[in-house]
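Beneath this line is the structure, given in structure tokens, with notes to follow.
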Amino acid sequence: MSEDLEYYKAKYKTLEDLPDIGPATVAKLKEIGFKTVESLGTAAVAELVAAGIGEAMAEKVIEAARKSMAITFVRGDELVEIRKNVRKLTTGCSSLDRLLNGGIETQSLTEFYGEFGSGKSQLCHQLCVTVQLGEAQGGLNGSVLYIDTEATFRPERLMQMAPRFGLKPEDALKGVVYAEAYTSNHQTVLLENADEVIKENNVRLIIVDSVMSHFRSEYLGREMLAPRQQQLNKHLHKLMRLSRAFNTAAVITNQVLASPDAFFSKAVSPTGGHILGHMSHSRIFLRKGRSNVRIAKLTASPSLPEGEVPMRITERGIESDEDF
Ligand code: GTP
Ligand code: MG
């Protein structure tokens, strides 16, 4: 791993190493999912207080964790330094990489949305391979944490994609830490407890495919919308913070709804409302073209212009004409 990626490793190796922290507090923190100094550094005082840790103690331990990671106010020039740690992960498809100006960024959330069969899960599979490549090949030299809410992950498909990128099929599987989420609550809990797994496995990419399906099927009716959005908000914040703390890319997929106000056009919008819209830094809409052609359109980005590119789903994976 390069030195830059180490930047985010905290000075203290374990919670026990933090100054003035007792075993009872450590146990409590672990119980609520803060098992590493890195994740504690991005925690909120209220979260710890809600779990029964005194406010003064909560402030103290978060402060210590943050100090050891240098998460504090920074000047603009320092921010540039921190941004230097942002890496780009190749999608393995040249046209899509071009649309994204090199690939998917670490430390932020990237959302792929589109109707069934548009290629969201296929792309997730391919990213499981590319993240394992060396940095010279556009990879992040790490593994992937894959949270699957629809039970559509297929190891065989991953093995089929691996050779194009020079990976042995069996090796490609070893770089995937997989969990199926059975409910929205399970999905949330999995992420809340992921920090140690991320650290131990050198995870450089977190995938949630798909982020909304459980939330949509469980929270039915208007009166459930507010509690749903509250839970979703918590879930996405956790994802965001893990991605920052461990310098990983974070990819979510999402379904679409037909826009009620677009009677004459075929306009669709991603599900999840404003919460998801605010949290996703980059949003890419995938739509079907003729036969195996798919169009990827960048619809939101903090720095890039909108645009669209074609790509194709083949037995080798997702590729564009430039890849031959
Ligand atoms: P939902 O999860 O249902 O919303 O759809 P999705 O956007 O995740 O679609 P997915 O990524 O599963 O894309 C499915 C498309 O990929 C279908 O059109 C399949 O035909 C195609 N596909 C899947 N596996 C292969 C394969 O091995 N070879 C080829 N050529 N195409 C494949
Ligand atoms: Mg899918």
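The values are calculated or read from the model by the stated rules, or taken from the named source; none is laboratory data. Since this is a predicted model, take the numbers as computed values, not measurements. Note that we place each Cβ from the backbone using ideal geometry, even for glycine, and neighbour counts take in every protein chain shown. Ligands, DNA and RNA are excluded from the accessible area calculation, which covers all protein heavy atoms including side chains. Shrake-Rupley method; radii C 1.70, N 1.55, O 1.52, S 1.80 Å.
Worth pointing out:
- Along each principal axis, Cα extent of the chain, largest first, Å: 63, 50, 40
- Coil-residue chymotrypsin sites (Phe, Trp or Tyr not before Pro) of the range 85-121, DSSP, other Cβ within 10 Å capped at 14: PHE116
- Counting only protein heavy atoms and a 1.4 Å probe, the chain has 47 square angstrom of accessible area per residue.
- Per-atom-type breakdown for the chain gives carbon and sulfur 55% of the accessible area (1.4 Å probe, protein chains only).
- For LEU257, distant residues with modelled amide H under 5 Å away: SER269, THR271
- Pairs of Cα atoms farther than 16 Å apart, the range 89-176, %: 52 percent
- With both labels modelled 7 Å from their Cα along Cα-to-Cβ, the ASP17 to GLU170 distance reads 3.6 nm.
- In the range 3-68 the Cα-Cα distances spread across 5 Å bins starting at 0 as 3, 19, 34, 26, 10, 5, 3, 0 percent of all pairs.
- Using only the C-alpha atoms, the convex hull of the range 222-324 corresponds to 159 Å³ per residue.
- The angle between the Cα long axis of helix 55-69 and the main principal axis of the chain comes to about 60°, on a 0 to 90 degree scale.
- Most mobile listed residue (VAL144, VAL177, VAL49) in the chain, GNM with C-alpha springs under 10 Å: VAL49
- Spacing of the two label points (7 Å from each Cα toward its C-beta) at GLU63 and GLN230, in nm: 3.0 nm
- Additional length obtainable on full extension of the chain from ARG222 to VAL197, 0.36 nm per residue less Cα span: 5.3 nm
- Excluding exposed DSSP-loop trypsin sites (Lys or Arg not before Pro) (at most 14 other C-beta within 10 Å), longest clean stretch of the chain: 85-265
- The mean sequence separation of alpha-carbon pairs under 8 Å and at least six residues apart, normalised by the residue count of the range 238-324, gives a relative contact order of 14 percent.
- DSSP beta bridge pairing in the chain, given as percent antiparallel to the nearest 5: 45 percent
- Using the Cβ-Cβ distance between GLN137 and PHE116 with R0 set to 22 Å, the FRET efficiency from 1/(1 + (r/R0)^6) comes to roughly 0.10.
- Radius, Kirkwood style, for the range 190-277 when every pair of distinct Cα atoms is counted (Å): 14.5 Å
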